[in-house]
Amino acid sequence: MRGIPATLAVCLAFGLALVPAAAKAADPVAVMADACSGCHGTDGHSIGGMPAFSGKKQDELTKALRDFKSGAKEATVMDRIAKGYSVEQLDAIAAYFASRKK
Amino acid sequence: MTNISRRTFNGLLGAAGVLSMAGTLSACSGGPKVVVIGGGFGGATAAKYLKRYDPSLDVTLIDADKSHFTCPFSNTVIAGMNDMAYIERKFDVLVNKHGVKVHTDMVVAIDGAAKVVKTKSGQSFPYDRLIVSPGIDFKWNAIEGYDEAASHIMPHAWKAGPQTVLLRKQLEAMPAGGLVVISAPGNPFRCPPGPYERASLIAGYLKKHKPKSKLMILDSKDAFAKDKLFKEGWEKLYDDIIEWVPAAKNGKVTKVNAKEGVVETDFEKFKPAVSNIIPPQTAGKIALDAGLADKSGFCPVDPNTFESTLVKGVHVIGDAAIAGEMPKSGYSASSQAKVAAAAIIAMIRGEKPGEMSAINTCYSLLAADYGISVAAVFAVQDGKIAGIKGSGGVSPMGANYQFRKKEADFAVGWYQSVSQDSWA
Ligand SMILES: Cc1cc2nc3c(=O)[nH]c(=O)nc-3n(C[C@H](O)[C@H](O)[C@H](O)COP(=O)(O)OP(=O)(O)OC[C@H]3O[C@@H](n4cnc5c(N)ncnc54)[C@H](O)[C@@H]3O)c2cc1C
């Protein structure tokens with residue numbers, strides 16, 4: 001119980017508030033990927049002039065991100081962004097978005 | 001929960017040997033309590049993402065106003081390209097879709113020891129963790145004569161709302177051939193490219209509607225964000241309108257007399273038709289009052305969790321925070337909000353918070369079809385938030401019309417996306 005705040009400890013003790021076990025959304029990859037949503041909308045569901053990528057398959061996203069990083073895909077800004085991540089990080093981000101709500 | 005009587009509950013607690021917890025029992029229905037001060041970019045995003053990452057949290061957002069007018073795109077309102085409704089963000093989706101509790105009230109005190117927030121109307125909000133995202137306030141009289149009363153005559157328009165409308169009205173009312181002055185502050189301040197975007201869009205308005213007018217930027221600095229790109233664009237679009245006067249050429253405004261309409265540097269006096277004075281800034285007043293700020297006027301934080309290094313249990317994000325190399329922008333604030341939300345959840349669960357990763361982008365419009373940008377990806381390096389080497393940077397110099405037009409369209413797209421991501 002160490003480190004769990006009092007409120008939660010009491011609640012858990014009585015089963016009154018169950019923290020969902022699948023709270024994976026807060027893992028480091030989610031936090032890294034969700035930074036992209038300021039431009040692309042939550043989960044890539046852009047509603048305006050930015051390209052939406054919700055619904056794209058993982059391998060399409062992986063390829064697009066790697067190509068932005070290498071410069072193979074033309075960009076106004078995505079090249080500058082993609083260069084901030086390792087290939088492994090980009091692949092993890094692609095996997096994350098592919099797994100989110102379409 | 002509601003039908004368990006106090007007595008029974010105390011009995012249960014006694015049995016569990018955690019009697020002292022009675023005060024926090026009400027939180028059980030919604031899990032641990034996180035209170036968020038401010039419904040701007042940082043606060044709204046934090047509230048939404050806290051619920052996204054852990055729906056069992058009891059999240060309360062408190063803002064002084066019923067809705068938030070965004071500074072981003074307020075320059076387009078000042079230039080007559082959009083109306084105020086375009087920049088108004090409401091909180092109803094946070095409530096209805098994401099389950100955030102929203103209170104309209106001014107926070108007047110934070111008791112970090114008792115973990116309670118107090119509001120002007122007399123309400124108290126206990127918390128397990130607190131997020132503070134109050135934006136900025138102004139150092140009145142840092143420019144002699146520029147106090148709050150003077151700002152009703154010479155608007156700053158550096159918080160969107162009535163100030164935005166006032167500056168717009170003054171521009172509409174000014175005569176053709178008049179002088180507009182923008183006084184830009186020294187670093188650090190909210191939105192480093194903001195004064196120069198504003199100068200550009202106002203110049204665009206003058207060009208069309210107030211022929212022969214001039215715009216002077218009196219600057220307290222000798223360099224500014226994206227300056228080469230701005231100057232390249234000004235030469236193309238507004239060569240006969242905009243004049244930028246750096247500090248080295250006595251650009252720094254030291255004194256104003258609002259009633260007489262006079263703006264002064266050390267060597268010159270101006271009597272502009274419209275004066276837009278952007279004064280030096282500090283973290284929002286509530287952060288200063290709560291002892292969250294250091295001598296700089298901004299708030300030191302742990303770079304991975306944004307927890308204040310001065311008051312435990314309180315996380316400061318957005319313009320109010322000292323966030324290493326991240327500029328004070330709406331994008332930064334919302335990106336930091338997600339990092340802080342995840343860190344808070346980890347800390348509540350007794351887990352180790354992850355490492356921060358964040359993005360900033362600032363698009364600036366020089367005209368409706370001329371956009372430029374700066375972008376960067378950030379991580380903690382040597383204990384400080386810093387841009388990842390080899391990433392980021394600004395738009396290319398010398399790009400053609402199509403490229404600038406594309407970025408102008410992406411600027412609008414960004415605003416639509418960030419509005420959705422933060423408030424909807
Ligand atoms: C002209 C201009 C243009 C800009 N353009 C851009 C841009 O294009 N892109 C970009 O990324 N950024 C831009 N910015 C910067 C951006 O506005 C800020 O960086 C951003 O708003 C910071 O978010 P925040 O959450 O720290 O504060 P804010 O968004 O200002 O939110 C603070 C909120 O807290 C509330 N509040 C404060 N104190 C209290 C209290 N005691 N009790 C209750 N509520 C309180 C306020 O009412 C407000 O709603 C621009 C700024 C300006 C001035």
Hits in segment B:232-262 (condition: touching a helix residue (DSSP H, G or I) at 6+ places or on another chain (Cβ under 7 Å) and among the hydroxyl-bearing types (Ser, Thr, Tyr)): B:Tyr238
Residue list for segment B:201-223, filter: within 14 Å of the ligand (Cβ to nearest atom) and either farther than 18 Å from B:Ser74 by Cα or out of contact with any helix residue (DSSP H, G or I) (no Cβ under 7 Å at 6 or more places or on another chain) (or both): B:Ile217
Sole residue being over 24 Å from B:Tyr53 (Cα atoms), within 12 Å of chain A (Cβ to nearest Cβ) and buried (at least 24 other Cβ atoms within 10 Å of the Cβ), chosen from B:Ala337, B:Ala358, B:Ala342, B:Ala375: B:Ala375
Residues (in a helix (DSSP H, G or I) and more than 9 Å from chain A (Cβ to nearest Cβ)) located in segment B:398-418: B:Tyr401, B:Gln402, B:Arg404, B:Lys405, B:Ala408
Residue selected from segment B:53-72 under the condition among the hydrophobic types (A, V, I, L, M, F, W, C) and under 22 Å from B:Glu88 (Cβ atoms), by the criterion nearest to the other protein chains (Cβ to nearest Cβ): B:Cys71
Residue match in segment B:280-295 (condition: part of a loop (DSSP other than H, G, I, E, B), more than 23 Å from B:Cys191 (Cα to Cα) and out of contact with any Lys or Arg (no Cβ under 8 Å at 6 or more places or on another chain)): yes
Residue within segment B:132-140 that is within 23 Å of B:Met154 (Cβ to Cβ) and acidic (Asp, Glu) present: yes
Where B:Val36 falls short, out of the listed (1) more than 9 Å from the ligand (Cβ to nearest atom); (2) touching a residue at least 60 places away in the same chain (Cβ under 8 Å); (3) within 13 Å of another protein chain (Cβ to nearest Cβ): (3)
Of residues in segment B:124-142 being more than 12 Å from the ligand (Cβ to nearest atom) and among the polar types (S, T, N, Q), the one nearest to the other protein chains (Cβ to nearest Cβ): B:Ser124
For B:His98: the one exception among (1) under 30 Å from B:Val339 (Cα atoms); (2) near the ligand (Cβ under 10 Å from one of its atoms); (3) out of contact with any Asp or Glu (no Cβ under 8 Å at 6 or more places or on another chain): (2)
Output for segment B:107-123, where each listed residue is part of a loop (DSSP other than H, G, I, E, B) and surrounded by 14 or more Cβ atoms within 10 Å (Cβ to Cβ): B:Gly112, B:Lys115
Criterion: more than 16 Å from B:Lys139 (Cβ to Cβ), assigned by TED's automatic domain parsing to the domain that holds B:Ile344 and touching an Asp or Glu at 6+ places or on another chain (Cβ under 8 Å) - qualifying residue of B:Pro246, B:Pro300: B:Pro300
All positions within segment B:39-57 that are in contact with a Lys or Arg (Cβ under 7 Å, 6 or more places away or on another chain) and away from the ligand (no atom under 15 Å from the Cβ): B:Leu57
Subset of segment B:73-95 that is assigned to a loop (DSSP other than H, G, I, E, B) and more than 8 Å from the ligand (Cβ to nearest atom) - its residue that is farthest from the other protein chains (Cβ to nearest Cβ): B:Gly80
Pairs, first more than 10 Å from chain B (Cβ to nearest Cβ) in segment A:33-59, second surrounded by 20 or more Cβ atoms within 10 Å (Cβ to Cβ), C-beta under 7 Å, six or more apart: A:Phe53/A:His40; A:Phe53/A:Gly44; A:Phe53/A:Leu61; A:Phe53/A:Phe97; A:Ser54/A:Asp43; A:Ser54/A:Gly44; A:Gln58/A:Ala94
Residues (β-branched (Val, Ile, Thr) and in contact with a Pro (Cβ under 9 Å, 6 or more places away or on another chain)) located in segment B:77-112: B:Ile87, B:Val107
Selection within segment B:350-382 - among the aliphatic types (A, V, I, L, M), part of a strand (DSSP E or B) and closer than 14 Å to B:Ala337 by Cα: B:Ala358, B:Ile359
Failed condition for B:Glu260, given (1) farther than 22 Å from B:Leu365 by Cα; (2) acidic (Asp, Glu); (3) crowded, with 22+ Cβ neighbours inside 10 Å: (3)
Every residue from segment A:84-102 that is assigned to a loop (DSSP other than H, G, I, E, B) and surrounded by fewer than 19 Cβ atoms within 10 Å (Cβ to Cβ): A:Ser86, A:Arg100, A:Lys101, A:Lys102
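The values are calculated or read from the model by the stated rules, or taken from the named source; none is laboratory data. For clarity, every value in this text was computed on a predicted model and none was experimentally measured. In this analysis, Cβ positions are derived from the backbone assuming ideal geometry, glycine residues included, and neighbour counts consider all displayed protein chains.
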